Amino acid sequence: MAHVFVSRGLAGDALDRLTEAGHDVDLWTGNLPPHPTELRDHVAAAHGLLTTLTERVDEQLLDAAPQLQVIANYAVGFDNIDIAAAEARGVAVGVTPDVLTDATADLTFALLLAAARRLPEAAAAVTEGRWRSFETQAWLGADVTGQTIAIVGGAGRIGGAVARRARGFSMTTIIVGRNDNLHEALAQADFVSLHAPLTPATHHLIDDAALHAVKRGAILVNTGRGGLVDQVALARALHDGRLAAAALDVTDPEPLPVDDPLLAAPNVLVLPHIGSATHTTRAKMAHLTVDNLLAGLDGRPLPHPAAASKK
């Protein structure tokens, strides 16, 4: 029997498979993630660890868990985990690829449409009693059909799914990969959608220089990682009118403090990282995570290793 610490309750019944396999499950029941000290205390005797992107797994945490065999990250990405440090200690790391592609692509387009048609402002006008009549000049937004979208990060799983949805709106799609000219693409695009992984090379990829290169009046959507965007520069671009709007499902940090200057910028819509938040997707993610845990605890290769996602 192995001891597994699970840092958050999950949708569906996937965790039952751990107990059915005879493992001891220590489930964190708090509404907020465990504090780093609490996390360290709970992994001290753990053979398996289930984490979310909120938990930082670094050398110090790994040193505090000498029996740890496997980390199953409840996410497609793994920038919260020091992969090199885990590999050096023989700890396998798994992720949940593919499963959230459509849910995140759907949300990307929901954000794009909401920002383009100024839906949050229009809805607020109704609830705040400012809707007086049919108004010919109020809440005018941007066309989506037939416009140009730059998909930054290449045509990977989610970027490719967004491109397929864009074709349904007869949009011209510019795929911006690692070796493509980002600023040239930004100058042409009416919409910019971010799907690049967060690495040292892509940190603040959308900085002040990129935002000066962007086509005036464009709309930025980020469902990738918050660190892709310099949020101070983004707030300036919104105040200056260089960007018509920004719609974000990810920020840096998360959660974004309520007094963060970005939230005071005009035409910004921020969601609490809900790209994968459908019942079906979250349940599938939980099962993939448990698949990784069970394999790692049995000494078998992980079905969904982080190492494969790095290639």
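The values are calculated or read from the model by the stated rules, or taken from the named source; none is laboratory data. Remember, it's a predicted structure, so these values are computed and weren't measured experimentally. No Cβ is skipped: glycine too gets one built from the backbone with ideal geometry, and neighbour counts run over all protein chains shown.
Do we find a residue being outside the structural domain of residue 193 (by TED's automatic domain parsing), of a type in the set (A, V, I, L, M, F, W, C), in contact (Cβ under 8 Å) with a residue 40 or more places away in the chain and farther than 19 Å from residue 76 by Cβ anywhere in the range 282-296?
Yes: the range 282-296 contains one or more residues that are outside the structural domain of residue 193 (by TED's automatic domain parsing), of a type in the set (A, V, I, L, M, F, W, C), in contact (Cβ under 8 Å) with a residue 40 or more places away in the chain and farther than 19 Å from residue 76 by Cβ.
Test residue 268 against the stated conditions and say whether it is among the β-branched types (Val, Ile, Thr) and farther than 29 Å from residue 49 by Cα.
When the stated conditions are applied, residue 268 passes them.
I'd like the full set of residues that are part of a strand (DSSP E or B) and either over 16 Å from residue 112 (Cβ atoms) or in contact (Cβ under 8 Å) with a residue 60 or more places away in the chain (or both), limited to the range 153-175.
At the first step, the residues of the range 153-175 found to be part of a strand (DSSP E or B) are 172-175.
Scanning the range 153-175 gives a single hit, 175.
Can you name every residue in the range 256-304 that is over 26 Å from residue 107 (Cα atoms) and either out of contact with any Pro (no Cβ under 7 Å at 6 or more places or on another chain) or exposed (fewer than 15 other Cβ atoms within 10 Å of the Cβ) (or both)?
Result: 293, 294, 296, 297, 298, 299, 300, 301, 302, 303.
Mind listing just one residue for me: the one in the range 78-97 that is of a type in the set (Gly, Ala, Ser) and more than 18 Å from residue 293 (Cβ to Cβ) and, of those, farthest from the chain's Cα centre (by Cα)?
88
Looking only at the range 89-113, how many residues end up being farther than 15 Å from residue 165 by Cα and either touching an Asp or Glu at 6+ places or on another chain (Cβ under 9 Å) or in contact (Cβ under 8 Å) with a residue 40 or more places away in the chain (or both)?
10
Every residue in the range 34-74 that is surrounded by fewer than 20 Cβ atoms within 10 Å (Cβ to Cβ), among the hydrophobic types (A, V, I, L, M, F, W, C) and touching a residue at least 24 places away in the same chain (Cβ under 8 Å), please.
45, 53, 64, listed by residue number.
If you go through the range 1-39 one residue at a time, how many are of a type in the set (D, E, K, R) and either more than 21 Å from residue 291 (Cβ to Cβ) or outside the structural domain of residue 49 (by TED's automatic domain parsing) (or both)? Spell out how you get there, then give the answer.
Initial filter on the range 1-39 (of a type in the set (D, E, K, R)): 8, 13, 16-17, 20, 24, 26, 38.
So of that shortlist, the ones also either more than 21 Å from residue 291 (Cβ to Cβ) or outside the structural domain of residue 49 (by TED's automatic domain parsing) (or both) come out as 38.
Residues in the range 1-39 being of a type in the set (D, E, K, R) and either more than 21 Å from residue 291 (Cβ to Cβ) or outside the structural domain of residue 49 (by TED's automatic domain parsing) (or both): 1 in total.
Which members of the range 105-128 meet the condition of being hydrophobic (A, V, I, L, M, F, W, C) and closer than 30 Å to residue 157 by Cβ?
105, 107, 109, 110, 111, 112, 113, 114, 115, 116, 119
Just checking: which of the strands (runs of 3 or more DSSP E) contained wholly in the range 1-116 hold 2 or more residues that are touching a His at 6+ places or on another chain (Cβ under 8 Å)?
Ranges flagged: 3-6, 24-27.
Hey, could you check the range 151-208 for residues that are surrounded by fewer than 17 Cβ atoms within 10 Å (Cβ to Cβ) and of a type in the set (Val, Ile, Thr) and say which is modelled with the highest pLDDT?
By that ranking, first place goes to 172.
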